[in-house]
Protein chains: 2
Amino acid sequence: MQPFTYCNPTKIIFGEGTVPQLGTEVSAFGKRALLVYGQSSIKRSGLSETVLSSLQEADLAVLEWPGVKPNPLLGHARGGVELAKREKIDVVVAVGGGSVIDEAKAIAAGAVTDRDIWDFYARAVPVEAALPILTVLTLPAAGSEMNGGTVLTNEATQEKFGFMAPPLHPRASILDPTLTYTVPPSYTAYSAVDSMTHLLEGYFTHGDFWAPIQERYVEGLLKTIMECTERILAKPDDYPARSTMMWAATLAWNGLANAGLGAIELPNHMLEHPLSGIYDLPHGAGLSVVLPAWLTFAARKEPARVAQMARNVFGVAASDEAFTAEQGIAALRGWFDKVGSPTSFAKAELPVEEIDKIADHAVRLAATWGITRYTREDIVAIYRLAAQDQPAPATSSL
Amino acid sequence: MQPFTYCNPTKIIFGEGTVPQLGTEVSAFGKRALLVYGQSSIKRSGLSETVLSSLQEADLAVLEWPGVKPNPLLGHARGGVELAKREKIDVVVAVGGGSVIDEAKAIAAGAVTDRDIWDFYARAVPVEAALPILTVLTLPAAGSEMNGGTVLTNEATQEKFGFMAPPLHPRASILDPTLTYTVPPSYTAYSAVDSMTHLLEGYFTHGDFWAPIQERYVEGLLKTIMECTERILAKPDDYPARSTMMWAATLAWNGLANAGLGAIELPNHMLEHPLSGIYDLPHGAGLSVVLPAWLTFAARKEPARVAQMARNVFGVAASDEAFTAEQGIAALRGWFDKVGSPTSFAKAELPVEEIDKIADHAVRLAATWGITRYTREDIVAIYRLAAQDQPAPATSSL
């Protein structure tokens with residue numbers, strides 16, 4: 001194990017019917033709340049009424065900041081910062097998925113500084129303070145409800161950048177699995193891919209040392225997420241599956257999987273951000289395009305850990321390491337296909353002819369994140385692998 | 001999944017050479033520190049010098065409260081409370097294993113109230129406030145470094161009682177695996193048993209519902225703890241094994257394994273506390289006496305989950321559930337024997353003729369903890385199973 005510091009103070013309130021606890025939790029942090037949300041879906045579902053009445057019963061003054069986009073935009077977040085400053089907001093409440101929570105974090109950080117918030121995302125300065133953030137989660141995927149991470153897209157430059165900072169940990173997050181019953185099949189699949197990729201980044205990129213705690217944690221959660229997804233696609237209101245998926249997605253990216261792994265890299269996020277940043281693709285859909293390609297590229301040099309995933313998650317029992325790895329990648333890709341998350345440029349309707357432009361973005365992100373392992377040629381090669389429509393594997397363990 | 005609230009704000013600072021960070025961490029919480037520790041071993045090892053110089057460099061006034069016993073005693077803790085009040089202590093620093101940390105928590109809670117601290121342990125009143133607690137861990141087992149739990153023994157009544165309360169979460173805990181190099185083989189084994197039992201209490205006692213996150217988490221950590229223990233017994237300064245063991249023991253009892261499991265019970269702790277409370281046996285040694293017996297008792301009614309452990313942890317591949325469970329218990333007992341933790345009254349030098357008296361204590365603890373599933377006859381029957389010296393299993397998977 002490598003040295004680490006781990007601190008995750010977010011209070012998780014989990015279970016059906018927990019949303020009315022929001023007001024009491026928020027009122028511990030101030031009197032004036034900014035309610036951040038996305039589209040009108042929370043109005044239609046009745047969630048917004050439950051949220052507003054809970055906040056009002058706790059004597060909070062509530063201002064609303066709707067209209068957060070699925071890949072949240074810098075301009076909109078800047079508007080939220082202005083509003084929060086002008087209205088002397090004490091506390092930011094996000095109701096939605098990772099995008100809404102991420103923009104709420106941007107607003108919370110921006111509200112207590114005179115700097116432009118993009119400076120944080122471009123890593124020019126660190127976030128050292130922020131307004132308190134509380135969340136009600138409606139889409140399990142990003143893990144933002146229990147971590148200090150946030151991602152924004154700069155619409156002027158098409159850059160999709162992100163960072164982590166301790167002050168951005170939500171003070172409390174309410175996870176009611178029944179709020180996810182209406183997540184459609186496509187987004188259920190994208191969410192699964194997102195969570196699985198969160199788990200696999202550290203698993204595949206940590207150094208060459210014994211890490212049984214973290215690897216078994218990842219393998220167990222991967223199997224659980226796949227089981228949940230299949231149950232949910234068969235029965236959208238399957239409470240055991242929805243609730244298990246919700247907690248698994250949180251555990252996948254709350255820092256625990258990587259504690260003790262030392263420096264890890266996020267190559268798949270580096271490769272995906274340009275896709276969702278430029279083409280407004282759902283993040284999970286972009287990840288299922290790049291992950292099998294990245295794995296194929298990575299396994300050429302180091303098949304051992306890919307083979308381990310193949311054995312422990314997909315039950316592949318080949319004796320040769322490289323072949324085992326290959327079978328594991330085929331099984332993962334086959335599973336993405338099965339649940340309906342795209343596994344190639346064509347399936348995601350991405351323009352193969354723009355790989356050069358996409359690679360430029362990835363190279364810039366690699367530099368921002370300090371990832372030095374990949375040349376521009378490597379990055380292009382991985383996108384070209386993702387642009388191939390590979391045949392389904394001859395045999396699949398699923 | 002069942003509803004739950006989870007909040008674990010303890011900051012973990014993990015790695016070789018991290019103890020000198022203590023002073024800075026402590027100084028965030030006050031000026032006057034009470035240093036709680038056990039025997040002279042931290043003096044001999046040089047750890048106390050590192051601790052003291054770190055505290056002094058951070059301009060802290062340090063008072064010492066040495067002499068905590070392995071099963072910490074109420075009377076000694078009361079003395080610490082008096083000292084903390086008289087000296088207007090701001091912050092309590094525990095340097096040691098679970099016993100030292102548990103007594104430090106008692107002192108921290110007692111220092112801010114006029115009540116006698118035993119009222120907390122007898123569950124007459126809850127702990128609602130405490131001085132800040134920071135720890136330097138020297139024995140991975142109890143998990144007290146990252147939870148709100150504490151256990152004390154009342155020497156007047158021989159009652160060993162415990163409870164959990166949010167204010168008792170340490171603010172920060174320093175985990176330097178090299179501090180555990182000198183833990184002798186016996187205590188290395190007891191620690192493993194302690195951590196494994198922490199994991200298994202919830203695994204075996206949660207309700208009849210799908211819990212793949214928690215069960216896989218437990219199964220993975222059990223395998224990891226067993227692997228670490230065997231490596232450490234072969235090579236006491238095996239850093240990968242010591243460090244992995246240290247983090248695994250923390251993760252085994254920091255609340256995560258049981259989040260979502262609903263109401264669980266601690267039957268093995270209920271059965272063990274009288275043993276270490278009356279006979280001053282190491283807690284882990286008492287647990288390896290009662291756990292195989294309790295499993296045998298439990299598997300008679302419900303073999304399925306014991307069989308699951310047998311399959312997923314010990315690789316037992318029998319087709320019959322009851323027989324699989326039996327083989328799993330034999331494998332676990334065989335492993336305890338192998339690493340040198342006692343598995344019967346005789347091996348632990350406990351008096352079989354005092355089972356009635358021991359059972360009286362367990363019945364009282366069951367009432368205090370609200371465990372209603374076991375009659376006095378059940379409890380006696382389990383102790384009698386633990387009093388049998390069973391033959392080693394014919395075949396073992398280990």
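The values are calculated or read from the model by the stated rules, or taken from the named source; none is laboratory data. Only a predicted model underlies this, so the values are computations on that prediction, with no experimental measurement involved. We place every Cβ from the backbone using ideal geometry, glycine too, and count neighbours over all the protein chains shown. The protein model used for the area step is the full one, side chains on, heavy atoms only, and it has no ligands, DNA or RNA in it. Shrake-Rupley method; radii C 1.70, N 1.55, O 1.52, S 1.80 Å.
Before moving on, here are some points about what is shown:
- Semi-axes of the equivalent ellipsoid for the stretch B:221-267, computed as √(5λ) from the eigenvalues of its C-alpha gyration tensor and ordered from largest down, come to 27, 10, 7 Å.
- Dimensions in Å of the stretch B:197-309 - Rg and Dmax from alpha carbons: 14.9, 43
- Mean-square fluctuations from a GNM of chain A, with a 10 angstrom spring cutoff on Cα atoms, peak among A:Val95, A:Val363, A:Val151 at A:Val363.
- Antiparallel bridges, percent of DSSP beta bridges restricted to chain A (to nearest 5): 20 percent
- Note on the stretch B:126-236: Cα convex hull, mean projected area over all directions, 9.3 nm².
- Shape category assigned to the stretch B:159-215 from the gyration tensor of Cα positions, a/c cut at 1.5: prolate
- Projecting 7 Å from Cα along the Cα-to-Cβ direction, the label point of B:Glu353 sits 9.6 nm from its equivalents in the other copies, listed shortest first.
- Annotation for the A:B interface, with buried accessible surface near 3100 Å², both sides summed [1.4 Å probe; non-protein components not counted].
- Partner shielding of B:211-220 amounts to 6, given as the average count of beta-carbon atoms from other chains within 10 Å of each residue beta-carbon.
- Amide H contacts for A:Glu159 (H built 1.01 Å from N in the peptide plane; partners 5 or more residues away or on another chain; cut-off under 5 Å): A:Asn154.
- Taking the square roots of five times each eigenvalue of the Cα gyration tensor of the stretch A:243-285, the equivalent ellipsoid has semi-axes of 23, 17, 5 Å, listed largest first.
- Highest-fluctuation residue, B:Glu145, B:Glu353, B:Glu302 considered, GNM on chain B with Cα pairs under 10 Å: B:Glu353
- Angle between chain B longest axis and helix B:47-57 axis [Cα atoms, degrees, rounded to 10]: 40 degrees
- The stretch B:1-117 shape via C-alpha gyration tensor axes, a/c threshold 1.5: rounded
- The ellipsoid equivalent to the alpha-carbon distribution of the stretch B:128-174 has semi-axes of 21, 14, 9 angstrom, derived from the gyration tensor eigenvalues as √(5λ) and listed largest first.
- Relative packing of peptides A:47-55, A:247-255 - highest average C-beta neighbours within 10 Å first: A:247-255, A:47-55
- Taking other residues whose beta carbon is less than 15 angstrom from the beta carbon of B:Leu179, and scoring Lys, Arg as +1 and Asp, Glu as -1, yields -3.
- Per residue, the protein assembly as shown exposes an accessible area of 36 Å² to a 1.4 Å probe, with every protein chain left in place.
- Filter on B:Lys11/B:Lys43; A:Lys43/A:Lys235; A:Lys11/A:Lys223; B:Lys11/B:Lys223; A:Lys105/A:Lys301 - keep pairs with C-alpha separation over 28 Å: A:Lys105/A:Lys301
- Dividing the mean sequence gap of close Cα pairs (under 8 Å, 6+ apart) by how many residues chain A holds gives a relative contact order of 15 percent.
- Isotropic mean projected area of the C-alpha convex hull, the protein assembly as shown (nm²): 33.1 nm²
- For the stretch B:350-367, backbone phi angles converted through the Karplus equation (6.51, -1.76, 1.60; θ = phi - 60°) give residue-by-residue couplings of 9, x, 4, 5, 9, 4, 4, 5, 4, 4, 4, 5, 5, 4, 5, 5, 4, 5 Hz, Gly and Pro being listed as x.
- Mean separation of Cα contacts under 8 Å, 6 or more apart, over the residue count of the stretch B:75-198: relative contact order %: 26 percent
- Using all pairs of distinct alpha-carbon atoms, the Kirkwood hydrodynamic radius of the stretch B:287-398 works out to 14.7 angstrom.
- Under the Karplus curve 6.51 cos²θ - 1.76 cosθ + 1.60, θ = phi - 60°, whole-Hz ³J(HN,Hα) for the stretch B:174-186, x wherever Gly or Pro sits: 9, 10, 10, x, 5, 5, 9, 4, 8, 5, x, x, 4
- Sorted shortest first, the distances from the A:Pro236 label point to those of the same residue in the other copies are 6.2 nm; each point sits 7 Å from Cα along Cα-to-Cβ.
- The helix-only estimate of mean residue ellipticity at 222 nm for chain B, built from DSSP H runs of length n ≥ 4 each weighted as -39500 (n - 2.57), is -16000 deg cm²/dmol after division by the residue total.
- log₁₀ of I(q)/I(0) at q = 0.12, 0.14, 0.18, 0.26 Å⁻¹ - the stretch B:48-116, Debye sum with one point per alpha carbon: -0.30, -0.41, -0.67, -1.22
- Peptide A:238-246, shielding by other chains (average Cβ, 10 Å cutoff): 3
- Gaussian network model of chain B, Cα within-10 Å springs - most flexible of B:Leu152, B:Leu266, B:Leu34: B:Leu266
- Heavy atoms of A:Arg32 accessible to a 1.4 Å probe, total area in Å² rounded to 10: 80 Å²
- In range of the label at A:Asp59: residues from the stretch A:29-48 whose backbone nitrogen is under 11 Å from the point 7 Å along Cα→Cβ: A:31
- Separation of the stretch A:223-248 from the stretch A:92-131 is 31 Å, based on Cα centroids.
- Sequence-distant residues sharing a close amide H with A:Val68 (under 5 Å, placed H): A:Tyr37, A:Gly38
- Spin-label zone in the stretch B:108-132 - amide nitrogen under 15 Å from a point set 7 Å from the Cα of B:Arg364 along the C-beta vector: B:118-119, B:121-124
- Where the Cα pairs of chain B fall when distances are cut into 10 Å bins, in %: 5, 24, 34, 25, 10, 2, 0
- Here's how it looks for B:Ala172: its modeled amide H is under 5 Å from those of B:Lys11, B:Thr135, which are all 5 or more places away or on a different chain.
- Axis-proximal residue, chain A, for the rotation superposing A on B (Cβ, Å): A:Pro9, 2
- Shown are A:Arg333, B:Arg86, whose ranking by accessible area with a 1.4 Å probe and every protein chain present, most to least, is B:Arg86, A:Arg333.
- Of all DSSP beta bridges in the protein assembly as shown, antiparallel share, percent nearest 5: 30 percent
- Remark: the stretch A:157-164, residue by residue, has Karplus-estimated 3J(HN,Hα) of 10, 6, 7, 10, 10, x, 7, 10 Hz, where x stands for each Gly or Pro and the curve is 6.51 cos²θ - 1.76 cosθ + 1.60 at θ = phi - 60°.
- Value of relative contact order over the stretch A:34-101, rounded to a whole percent, pairs C-alpha under 8 Å and six or more apart: 52 percent
- Counted charge near A:Ala77, where neighbours are those whose Cβ lies closer than 12 Å (Asp, Glu -1; Lys, Arg +1): -2
- Folded to 0 to 90 degrees: helix B:376-387 orientation relative to chain B principal axis, Cα: 90 degrees
- Heavy-atom accessible surface of the stretch A:150-285: percent carbon and sulfur, 1.4 Å: 58 percent
- Principal-axis analysis of the Cα atoms of chain A puts helix A:267-279 at an angle of about 60° to the longest axis.
- For A:Lys31, the point set 7 Å out from Cα toward Cβ sits 3.4 nm from its twins in the other copies, listed from shortest up.
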